[in-house]
Every structure is written in C-alpha cells, then in structure tokens.
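See structure below.
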Amino acid sequence: MKSSYAVGYSNRATITEAFLSSFDFRRSETNSMLMPLFSTALASLAPAAGPEAMLMLARWIHLIAGVMWIGFLYFFVLVNPGFMGELDPKTRTLIIPRLMPRAMWWFRWSSFITVLAGFGYWGHLVGSDARAAKAVGEAASPGTVIGSFIVIWTVAFAIEMGLVMSPVAAFKTVAGLGVAVAIVLAAASYVFLAINQHGWESNRTLCIGIGGGLGWFMMMNVWGIVWRMQKKIIRWNAAALADGSPIPPEAGKVAQIASAVAGVSFWVSFPMLFFMGAASHYTIFAQ
C-alpha cells in the first residue's frame, strides 16, 4: 500500500505533467525524455498537505513569533534603558504609560505563542522517536521526556524567582543573578539529559529539550517577573500623569528587578538559540 505522502506526490507529478503537456511543445524524442524530468522536479517543489503541512505551519508560527519576542527582548535590554535614562522624570512619566503597555503586550504574547507552537512541534518529534524505537523492540517513553521537561525547567524558574525576590541585593543585578541562574540552568540541563538519554532519543529531541527548556524558562521570566514588575511601573506612571500622584519609593527596586531578569534572559537567549539551531544542523547528542 502506498503511503499518503507517496500518493500525494504521485498526484502532483501527474497534474504537473498534464500542465506541461498543455503547452504546444514540438514533439520529439528529446521532449518525451525531458517531460517526466520536468514534471518530477516541479512536483517536488509543490507544497505537501496533511500532517506535514501542519508541522510546517507550526514551525513557521514558531519562527515568526520567536523573531518578534527576541527582537522586543533585545530592544528592552540594549536600547530602552539608555533612552529612558536620558529623559527627565516628567518626560518619562509621559512616555511610559503610552509605550510600555503596547510593547509589553506584543512581548509577552509573542513569547507565549513561540513556546506553544514550538512545544507542539517538539512533542511530535519526541513521539516520532518513541515510535521508531518501539518499532524495533526498544522501550521508549515520550511521556517521561515531556513530563521531565516541564518539571525541570519550571523548577529552574521557581529557584530564580526565589533568588530575585530574596533580600540579597546581589540577586537584583544582572551579574549577580546571572551567575546564579547560569549554575541553575547548567544543573537543569544535566538532569534533563541524565533522565532522557537512553539511546532512542534523537539529537533533535535532546537539543530542543535543552534549547526549548531555556525558552520555557525565558517565557516564564516574561510572564512571572518582568510583566508583573512592569504593570506596577505602568500603573504608577499613569497615575502620576493623570493626577500628579507621586511615584512610590519602591519603584526603583521594582524597575531594578525587571531590568535584572530581562538582562539575564538576554544572555540566556544565546545558548537557547545555539541549541535550537543545533537540533537540525549540528550533532551534539549522537545516538
């Protein structure tokens, strides 16, 4: 029995050959030899349908949302602090309630969509690896891979949350928090690999298990810390603009926390992008 992909490919080749035949080519032995070659080549460029198309759609959405998310993150870290620092307090109060709600809306939802689409695509890869292993008689548990992913990287975020909300001042700076987070994430990566390296997991599954885990961690930074801090800053500045209410003294601390966590996410994005690229283009975890 032909697979659905083979049938779809055959149908596209037939349609393409009929399309080429509609042109008034001069019939010759050369043309009769070239016709199947042209039809096969063009059919191979035609879009696939079914599950393959859905996976491509998930990857496409993942990439578009990811570009948007990381672009906003780099803006917040590389551009916005210097710009805001050059403004006088009155001008900052005028700009923040107008700029930040819009920017943060796109920032947080693009992070969510990136992770959601990527998680769905990765789940397919994990399932595909498990089915291939079971087909040759190996034991494989995709649930262990996916479950450990969620638990490990969520615990990593919870540890960071505890550090940044602690009274230790060093954990409210990019350098201090960054060193601690680097240790936590290295440990999380080690634990994930220790649980999930049995031989059937592909390089793609394991690389995305780490790179996607870092992305999961970064998304939780957006929603769990940065957005929570920014909501307070936006609310205080909106009140100051509306009726002249004074900015609370704790605003500086809140802004420092948001800046430190965004800065850490900025640095985490580099290994995250490396592992995501290595999933398809560089073998690290050979079977």
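If you go through region 115-156 and keep only what is hydrophobic (A, V, I, L, M, F, W, C), surrounded by fewer than 18 Cβ atoms within 10 Å (Cβ to Cβ) and outside any helix (DSSP H, G or I), you end up with Val136, Ala139.
Taking the listed residues Met219, Met276, the one that is assigned by TED's automatic domain parsing to the domain that holds Ala117, touching a Ser or Thr at 6+ places or on another chain (Cβ under 9 Å) and part of a helix (DSSP H, G or I) is Met219, with no other qualifying.
With respect to Ala242, is the statement that it is without any contact (Cβ under 8 Å) to a residue 12 or more places away in the chain and either basic (Lys, Arg) or part of a helix (DSSP H, G or I) (or both) true? Spelling it out, Ala242 is indeed without any contact (Cβ under 8 Å) to a residue 12 or more places away in the chain and either basic (Lys, Arg) or part of a helix (DSSP H, G or I) (or both). Looking at Ala188, is it part of a helix (DSSP H, G or I), touching a Lys or Arg at 6+ places or on another chain (Cβ under 6 Å) and either surrounded by 18 or more Cβ atoms within 10 Å (Cβ to Cβ) or modelled with pLDDT of 95 or more (or both)? Against the criterion (part of a helix (DSSP H, G or I), touching a Lys or Arg at 6+ places or on another chain (Cβ under 6 Å) and either surrounded by 18 or more Cβ atoms within 10 Å (Cβ to Cβ) or modelled with pLDDT of 95 or more (or both)), Ala188 does not qualify. Report yes if Gly252 is part of a helix (DSSP H, G or I), under 30 Å from Thr93 (Cα atoms) and modelled with pLDDT of 95 or more, otherwise no. So Gly252 does not fit the description; no. Restricting attention to region 153-175, the residues that are in contact with a helix residue (DSSP H, G or I) (Cβ under 7 Å, 6 or more places away or on another chain) and without any contact (Cβ under 8 Å) to a residue 40 or more places away in the chain add up to 3.
Scan region 58-71 and report the pairs whose first residue is of a type in the set (Asp, Glu) and whose second residue is modelled with pLDDT of 95 or more and loosely packed, with under 14 Cβ neighbours inside 10 Å, with Cβ atoms within less than 6 Å and a gap of 6+ or a chain change. Short answer, once both residue conditions are applied: none. Within region 85-96, can one find any residue that is at pLDDT 50 or above, among the aliphatic types (A, V, I, L, M), assigned by TED's automatic domain parsing to the domain that holds Leu214 and more than 24 Å from Val174 (Cα to Cα)? Within region 85-96, one or more residues are at pLDDT 50 or above, among the aliphatic types (A, V, I, L, M), assigned by TED's automatic domain parsing to the domain that holds Leu214 and more than 24 Å from Val174 (Cα to Cα). Residue count for region 85-114 under the criterion of being outside any helix (DSSP H, G or I) and not aliphatic (A, V, I, L, M): the result is 2.
Considering only region 157-177, how many residues are surrounded by 15 or more Cβ atoms within 10 Å (Cβ to Cβ) and under 13 Å from Ile225 (Cα atoms)?
The total comes to 7.
Yes or no, residue by residue, for (1) farther than 21 Å from Gly123 by Cβ; (2) outside any helix (DSSP H, G or I); (3) under 24 Å from the mean Cα position of the chain (by Cα); (4) hydroxyl-bearing (Ser, Thr, Tyr):
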residue	(1), (2), (3), (4)
Gly211	no, no, yes, no
Ile234	yes, no, no, no
Gln256	yes, no, no, no
Gly263	yes, no, yes, no
Phe266	yes, no, yes, no
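Selection over region 99-114 of residues that are surrounded by 21 or more Cβ atoms within 10 Å (Cβ to Cβ) and touching a Lys or Arg at 6+ places or on another chain (Cβ under 9 Å) gives a count of 0. Exactly one residue among Ala140, Ala132 is within 14 Å of Arg204 (Cβ to Cβ) and modelled with pLDDT under 95, and that residue is Ala132.
Given the conditions (1) free of Cβ contacts under 8 Å to residues at least 40 places away in the same chain; (2) closer than 30 Å to Arg235 by Cα, report the number of the one that Ala186 does not fulfil. If we test Ala186 against (1) free of Cβ contacts under 8 Å to residues at least 40 places away in the same chain; (2) closer than 30 Å to Arg235 by Cα, just (2) comes out false. Residues that are out of contact with any helix residue (DSSP H, G or I) (no Cβ under 8 Å at 6 or more places or on another chain) and in the same structural domain as Ser166 (by TED's automatic domain parsing) do not occur anywhere in region 260-269. Only a single criterion out of (1) outside any helix (DSSP H, G or I); (2) without any contact (Cβ under 8 Å) to a residue 12 or more places away in the chain; (3) crowded, with 16+ Cβ neighbours inside 10 Å is not satisfied by Glu201, namely (2).
The values are calculated or read from the model by the stated rules, or taken from the named source; none is laboratory data. Because the structure is predicted, anything quoted here is derived from the model rather than measured. As a convention, Cβ positions derive from the backbone with ideal geometry for all residues, glycine included, and neighbour counts pool all protein chains shown.
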